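Q: Below is one structure. I have some questions about it.
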């Protein structure tokens with residue numbers, strides 16, 4: 001849909017994410033794309049205003065649709081726009097390959113849900129070595145002090 005027609009980029013001030021900011025609230029929001037979607041729907045947006053075009057400053061009503069937070073997250077992950085691209089990464093931030101042998105997955109509780117996370121085992125081993133070295137140095141220091 002969005003690829004068929006060109007985007008209409010917001011021409012005013014934008015926030016860090018590239019979304020247009022209105023000077024005054026329109027349809028219950030100061031974000032330009034939310035106001036444009038509310039205008040199209042004829043009511044305030046319930047949830048999130050999402051882009052078919054994946055272009056944050058776009059305010060073209062045909063490129064916008066209403067969705068839940070889960071829809072937003074799934075859309076972001078499917079387009080590899082997740083911050084850090086955690087599940088699309090091939091290497092950790094230290095350059096180690098994220099293979100099935102080098103990754104540990106674990107679950108942690110959030111306020112609303114259980115989150116599955118990944119951890120680079122090479123980084124974990126390096127961290128454990130640094131911790132052990134600090135502890136050993138601290139023990140040596142206490143032995144040397146009378």
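Here, each number is a calculation from the coordinates, and none is a lab measurement. None of these values were measured; they are calculated from a predicted model. Note that each Cβ is placed from the backbone with ideal geometry, even for glycine, and that neighbours are counted across all protein chains shown.
Q: What order do you get for 66, 109, 74 when you list them from fewest to most C-beta neighbours inside 10 Å? Don't skip to the answer; put the middle values down first.
A: Numbers: 66 17, 109 8, 74 12.
So the ranking, lowest neighbour count to highest, is 109, 74, 66.
Q: What's the ranking of 26-33, 111-118, 42-49 by average number of surrounding C-beta atoms within 10 Å, highest first?
A: Per-residue mean Cβ counts within 10 Å order the peptides as 26-33, 42-49, 111-118.
Q: Please compute the contact order of region 89-146 in relative form: average sequence separation of alpha-carbon pairs under 8 Å and at least six residues apart, divided by the residue count, as a percent. Working shown, then result.
A: On the way: 40 pairs, mean separation 13.7, N = 58.
This gives 24 percent for region 89-146.
Q: Now a separate question. Using the number of other C-beta atoms within 10 angstrom as an exposure proxy, rank 100, 78 with the fewest first.
A: Working: 100 6, 78 10.
In order of increasing Cβ crowding within 10 Å: 100, 78.
Q: Right, next: Alpha carbons only, please: Rg and Dmax for region 1-86, in angstrom.
A: Values for region 1-86 (Cα only, Rg and Dmax): 12.5, 37 Å.
Q: Round to the nearest 10 and give me the degree value, 0 to 90, for the angle of helix 121-144's Cα axis relative to the longest principal axis of the chain.
A: 40
Q: Still on this structure: Given the rule -39500 (n - 2.57) for each run of at least 4 DSSP H residues, summed and divided by the residues of the chain, what is its mean residue ellipticity at 222 nm, to the nearest 500 deg cm²/dmol?
A: -10000 deg cm²/dmol
Q: Taking the Cα atoms of the chain, what is the range of coordinates along each of the three principal axes, in descending order and whole Å?
A: On the principal axes, the chain reaches 76, 37, 29 Å in Cα extent.
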